[in-house]
Amino acid sequence: MTVIGIVGLPGSGKSEAANVAADMGVPVVTMGDVIRQECRDRGLDPATEHGRIAQALREENGSGAIAERSLPLIENELTESDTVLVDGIRSDVEVEAFRDSFGESFLLVEVDAPFELRAERLDLRGRDDMNDESGESLTDRDERELGFGMGKAIEMADVTIENTETLAAFQRKVRTLLREGQEAIER
């Protein structure tokens, strides 16, 4: 059993790593789906309220609230698969929740890219640095994510995948990680 957690700032390539995993048949649990469901449960639009509800869940239920709500989803996927990828880790508390639950079977992977490249990617996705769909700039989003403890989570990463080359090169790195393990990408 392996649970691979993905952490990184907006636009770094976390979702693309999840897409690669899904294409390979590796189940993906997206922590943002927990937040989107909570938005819908509260009668709110996830497109505009995602950040506010993410913060509210943490304030109402503790820093590990979203990880705790994700655990049953991960455990369910592990009944059918040896590997599960978790997209959307935002804090050191979430990392600890996963390490407590999965021990040595949990691998935290940072996806890293510089600000300018992340801004360019988000612009290509129609979510430029000035405003995404919630009205936040990339700088604001980075500050919000870092405020959740993402900086500490990033520091806890077992391995980093640099995403500064082509999309194909990044996809190859992720496939190598999923097929051969962390040692293969550290070479």
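The values are calculated or read from the model by the stated rules, or taken from the named source; none is laboratory data. The structure displayed is predicted, hence computed values, not measured ones. Ideal geometry is used to build each Cβ from the backbone, glycine not excepted, and the neighbour counts take in all protein chains shown. Accessible surface areas use protein heavy atoms only, side chains included; no ligands, DNA or RNA. Shrake-Rupley method; radii C 1.70, N 1.55, O 1.52, S 1.80 Å.
Checked against the criterion of being over 18 Å from LEU107 (Cα atoms) and in a helix (DSSP H, G or I), region 151-165 contains not a single residue that satisfies it. Being in contact with a helix residue (DSSP H, G or I) (Cβ under 7 Å, 6 or more places away or on another chain), within 23 Å of ALA65 (Cβ to Cβ) and either open to solvent by 60 Å² or more (accessible area, probe 1.4 Å) or not aliphatic (A, V, I, L, M) (or both): is that true of LYS152 here? Here the answer is yes, as LYS152 does meet what is asked.
Summed over region 103-112, residues that are touching a Phe, Trp or Tyr at 6+ places or on another chain (Cβ under 9 Å) and small (Gly, Ala, Ser) total 0. Screening the candidates ARG52, ARG69, ARG42 for the property of being touching a helix residue (DSSP H, G or I) at 6+ places or on another chain (Cβ under 6 Å), farther than 18 Å from LEU108 by Cβ and open to solvent by 70 Å² or more (accessible area, probe 1.4 Å) yields one hit, ARG69. Counting only strands (runs of 3 or more DSSP E) that sit wholly inside region 1-91, those with at least 3 residues that are touching a residue at least 60 places away in the same chain (Cβ under 8 Å) and touching a strand residue (DSSP E or B) at 6+ places or on another chain (Cβ under 9 Å) are 2-7, 83-89. Taking the listed residues VAL109, VAL86, the one that is open to solvent by less than 10 Å² (accessible area, probe 1.4 Å), modelled with pLDDT of 95 or more and either over 16 Å from the mean Cα position of the chain (by Cα) or more than 14 Å from VAL34 (Cβ to Cβ) (or both) is VAL109, with no other qualifying.
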